[in-house]
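**Student:** Just passing along the structure, written as structure tokens.
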Amino acid sequence: MSASLANPTLAAPTLAEGMAEIRATGTLTGLPRDHFIAGRWTPPASGARMDSADPGRGAPFAAFANGDAEDVDRAVTAARAAFTGAWGDASPAERGRVLQRMASLLRAEADRFALVECLDSGKRLSEAQGDVRGVIRAFEYYAGAADKLEGASLPLGRNYLGFTLDEPVGVCAQVIPWNYPLSTAARGIAPALAAGCAIVAKPAEQTPFTALMLAELATRAGLPDGALNVVTGTGARAGAPLVAHPGIHHITFTGSVPTGIRVMQAAAENVTRLVLELGGKSPLVVLADADLDIALEGVLEAIYENAGQICSAGSRLVLERPIADEFLARLVARVEKLRLGHGLDAVDVGPVNSALQLERIDAHVRRAEAAGNGILAGGGIVHPAGAEGGWFFAPTIVLARGLDDPIVTEEIFGPVLAVQIVGDLDEAIHVANATEFALVAGIYTASFDKAQRFARRVDAGQVYINEYFAGGIEVPFGGNRKSGFGREKGMEGLRSYCRTKSIVARLR
Ligand code: ADP
């Protein structure tokens with residue numbers, strides 16, 4: 001892999017050295033600069049580059065390829081060649097072994113990936129380390145699943161032999177958002193490779209680096225050239241030509257609702273199948289009989305993890321009236337103590353990902369304030385000591401005014417919790433279902449019956465009982481209604497990269 005020399009692997013070998021380098025220079029040496037196409041670093045055809053910024057400092061730290069349709073076309077051609085060539089020829093067991101080697105290499109290089117993720121996305125280092133552990137699990141899980149995709153035998157009687165094959169769907173596009181750059185890449189790439197597909201991934205322009213590093217690592221793990229390509233650049237220049245490319249057989253898109261609609265329209269032109277994982281405004285219900293200590297920790301994590309920039313964030317707290325005052329008083333006291341700062345420092349909440357995102361969050365809260373919503377905590381942009389240039393929004397709690405209040409109907413994608421107070425479980429279910437989104441829902445209660453009643457009646461792709469975000473790669477994930485359709489993760493995630501072929505023979 002002499003081509004790697006143009007984009008050397010990162011110089012800093014340990015976490016401490018990497019942190020020291022970032023603190024001293026504001027960046028890391030050896031970050032990728034080019035696309036990764038056909039197993040090698042490939043400069044952008046146009047020569048154009050753009051900068052990625054460190055959200056904790058609000059300053060650029062490295063340039064990367066600003067790709068366009070020509071780069072996309074090269075990547076799709078490379079993927080097609082891998083699919084009809086070496087990767088298509090690999091047996092399921094061989095595919096599993098490559099994924100297992102990817103998991104092992106990731107484990108050995110976890111710190112490097114976590115550091116780059118922290119620097120590029122702004123998330124706290126410990127969160128980035130947790131993300132990398134989850135990514136390793138994703139590769140392990142689908143490594144084990146690659147040779148366990150079994151079709152069906154079809155009961156046609158003694159004169160026929162009928163069976164189904166799970167064929168890989170072909171060349172897949174992965175369009176990745178900036179909030180979980182590596183995790184979202186991996187939850188699409190691992191099952192797609194396990195199924196035998198080839199991939200062109202397009203990370204978000206705010207966070208391009210870890211997907212590129214993953215593709216280079218895959219080559220070292222023995223993945224044939226072209227089976228995993230990464231093209232970087234903006235949504236307009238690189239994302240749009242990718243999802244409109246006639247050589248793409250399946251699209252996995254994670255991002256905002258308006259962009260998801262555009263992707264679906266582009267897919268329709270070629271009748272390309274797709275999975276859409278869009279936004280959420282997920283309810284987290286706390287009933288009066290819940291263990292309030294546990295519920296309090298759950299709420300804090302549900303909305304302030306990754307500074308609230310999670311599609312499945314618990315962004316609506318639905319409280320049963322008898323405990324509402326006490327719970328809110330305790331919550332506010334905790335929120336006011338949360339420390340903000342650069343993701344590399346020992347803080348509770350990091351920056352948001354971009355100046356644009358900070359502006360969007362602030363606009364939501366300013367509108368609520370102007371409309372007369374009570375703001376119980378936070379409420380504005382802040383400049384924490386030591387990270388004055390970064391993009392920080394204070395962890396915020398806002399009282400909702402009603403079911404059509406924008407603070408409860410619109411996704412904010414920031415550390416802003418809307419509070420809704422209800423009389424009982426039935427009202428909680430009504431309130432939970434009263435938005436256009438239906439991604440996940442959570443409930444804290446001591447009652448098995450109430451938890452089950454909620455789980456059955458809430459409109460959501462996944463329900464968490466007494467632990468928000470419970471589960472892992474084993475659990476299918478995705479939404480209903482404006483939150484999208486299709487499921488990632490679990491065996492269902494693997495099947496979404498397969499197409500069924502039925503074969504029937506007449507016997508003599
Ligand atoms: P945001 O508005 O927060 O940046 P998006 O949903 O627009 O979120 O972005 C998610 C991903 O979709 C990113 O990788 C982005 O580059 C990509 N993207 C944006 N616009 C398009 C488009 N028209 N077609 C394909 N991908 C796009």
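The values are calculated or read from the model by the stated rules, or taken from the named source; none is laboratory data. None of the values given here were measured: they were computed from a predicted structure. Neighbour counts run over all protein chains shown; Cβ positions are idealised from the backbone, glycine included. All accessible areas refer to the heavy atoms of the entire protein, side chains included, with ligands and DNA or RNA removed. Shrake-Rupley method; radii C 1.70, N 1.55, O 1.52, S 1.80 Å.
**Student:** So what is the relative contact order of the stretch 192-350, in percent, for Cα pairs below 8 Å that sit 6 or more residues apart?
**Tutor:** Reported as a whole number, the value is 15 percent.
**Student:** Tell me, what % of the accessible area of the stretch 87-175 is carbon and sulfur with a 1.4 angstrom probe?
**Tutor:** 52
**Student:** Residues with amide H under 5 Å of residue 226's amide H, sequence separation 5 or more or different chain, H placed in the peptide plane at 1.01 Å from N; which?
**Tutor:** 38, 39
**Student:** Less than 13 Å Cβ to Cβ from residue 29, Lys/Arg counted +1 and Asp/Glu -1: what total charge do the surrounding residues give?
**Tutor:** Overall, the nearby charge balance is 0.
**Student:** For the chain, with every protein chain kept in place, what is the accessible area per residue (1.4 Å probe, Å²)?
**Tutor:** Computed with neighbouring chains in place, this is 38 Å² per residue.
**Student:** Could you tell me which of rounded, prolate or oblate describes the stretch 204-273, using a ≥ b ≥ c as the square roots of the eigenvalues of the alpha-carbon gyration tensor, with rounded for a/c under 1.5 and, failing that, prolate when a/b is larger than b/c and oblate otherwise?
**Tutor:** Values: a/c = 2.59, a/b = 1.56, b/c = 1.67.
Taking the square roots of the gyration eigenvalues as a ≥ b ≥ c, the stretch 204-273 is oblate.
**Student:** Another question, if that's okay. Distance between Cα centroids, the stretch 395-453 to the stretch 252-319: provide it in whole Å.
**Tutor:** 12
**Student:** Name the residues whose placed amide hydrogens come within less than 5 Å of the amide hydrogen of residue 54, ignoring near sequence neighbours (fewer than 5 apart) on the same chain.
**Tutor:** 59, 61
**Student:** What is the distance, in nm, between label points placed 7 Å from the Cα along the Cα-to-Cβ direction at residue 338 and at residue 271?
**Tutor:** Calculated label separation equals 4.8 nm.
**Student:** Run the reach check for residue 482 against lysines, Cα to Cα strictly under 20 Å, same-chain hits fewer than 8 apart removed. What comes back?
**Tutor:** Straight-distance partners of residue 482: 281.
**Student:** Let me ask something else. Through the Karplus equation 6.51 cos²θ - 1.76 cosθ + 1.60, θ set to phi - 60°, convert the phi angles of the stretch 139-152 into ³J(HN,Hα) values in whole Hz; use x for Gly and Pro.
**Tutor:** Each residue's phi maps through the Karplus curve to give 5, 4, 4, 6, 4, x, 8, 4, 9, 10, 7, 10, x, 10 Hz.
**Student:** Oh, and also: Could you run the Karplus curve 6.51 cos²θ - 1.76 cosθ + 1.60 with θ = phi - 60° over the stretch 444-461 and give me ³J(HN,Hα) per residue in whole Hz, x for Gly and Pro?
**Tutor:** Values per residue, Gly and Pro as x: 10, 7, 8, 9, 4, 4, 5, 4, 5, 4, 4, 4, 6, 9, 7, 8, 6, x Hz.
**Student:** I would also like to ask the following. In deg cm²/dmol, rounded to 500, what helix-only [θ] at 222 nm does the chain give when every DSSP H run of at least 4 residues adds -39500 (n - 2.57) and the total is split over its residues?
**Tutor:** -12000 deg cm²/dmol
**Student:** I would also like to ask the following. Please report the net charge: other residues with Cβ closer than 10 Å to the Cβ of residue 398, K and R +1, D and E -1.
**Tutor:** So the surrounding residues net to -1.
**Student:** Can you figure out the FRET efficiency of residue 321 with residue 507, using R₀ = 56 Å and their beta-carbon distance, to the nearest 0.05?
**Tutor:** Numbers: r = 69 Å, r/R0 = 1.23.
According to the calculation, E is roughly 0.25.
**Student:** What full-extension length gain, to one decimal in nm, is calculated for residue 261 and residue 84 as 0.36 nm per residue of separation minus the Cα-Cα distance?
**Tutor:** Going from the current span to full extension adds 60.6 nm.
**Student:** Here's a follow-up. Could you tell me the center-to-center distance, by alpha carbons, between the stretch 366-388 and the stretch 70-85 in angstrom?
**Tutor:** Their Cα centres are 47 Å away from one another.
**Student:** Same structure, new question: Between residue 148 and residue 463, what is 0.36 nm times their sequence separation minus the Cα-Cα distance? Round to one decimal in nm. Display every interim value, and only then the final one.
**Tutor:** Values: separation 315, 0.36 × 315 = 113.40 nm, distance 2.72 nm.
Computed gain between residue 148 and residue 463 is 110.7 nm.
**Student:** Now, a different point. By how many nm would the segment from residue 426 to residue 475 lengthen if fully extended, with 0.36 nm per residue of separation less the alpha-carbon distance?
**Tutor:** Fully extending the segment from residue 426 to residue 475 adds 14.9 nm.
**Student:** Mind running the shape call on the chain? Use the C-alpha gyration tensor, a ≥ b ≥ c as the square roots of the eigenvalues: rounded below 1.5 for a/c, prolate if a/b tops b/c, oblate otherwise.
**Tutor:** Cα axes put the chain in the oblate bin.
**Student:** When DSSP assigns beta bridges and you keep just the ones with both residues in the chain, what percent turn out antiparallel, to the nearest 5?
**Tutor:** 45
**Student:** Also: Considering only the other residues whose Cβ falls under 13 Å of the Cβ of residue 445, what net charge follows from Lys and Arg at +1 and Asp and Glu at -1?
**Tutor:** Combined, the nearby Lys, Arg, Asp and Glu give -4.
**Student:** Still on this model: Taking all protein chains together and a probe of 1.4 Å, list 249, 430 from the most accessible to the least accessible. The partial results should precede the final answer.
**Tutor:** Values: 249 60, 430 110 Å².
Heavy-atom accessible area, descending, gives 430, 249.
**Student:** Residue 484's amide H: which non-local residues (gap 5+, or another chain) put their own amide H closer than 5 Å, with H modeled 1.01 Å from N in plane and none for Pro or chain starts?
**Tutor:** So residue 484 has HN proximity to 278.
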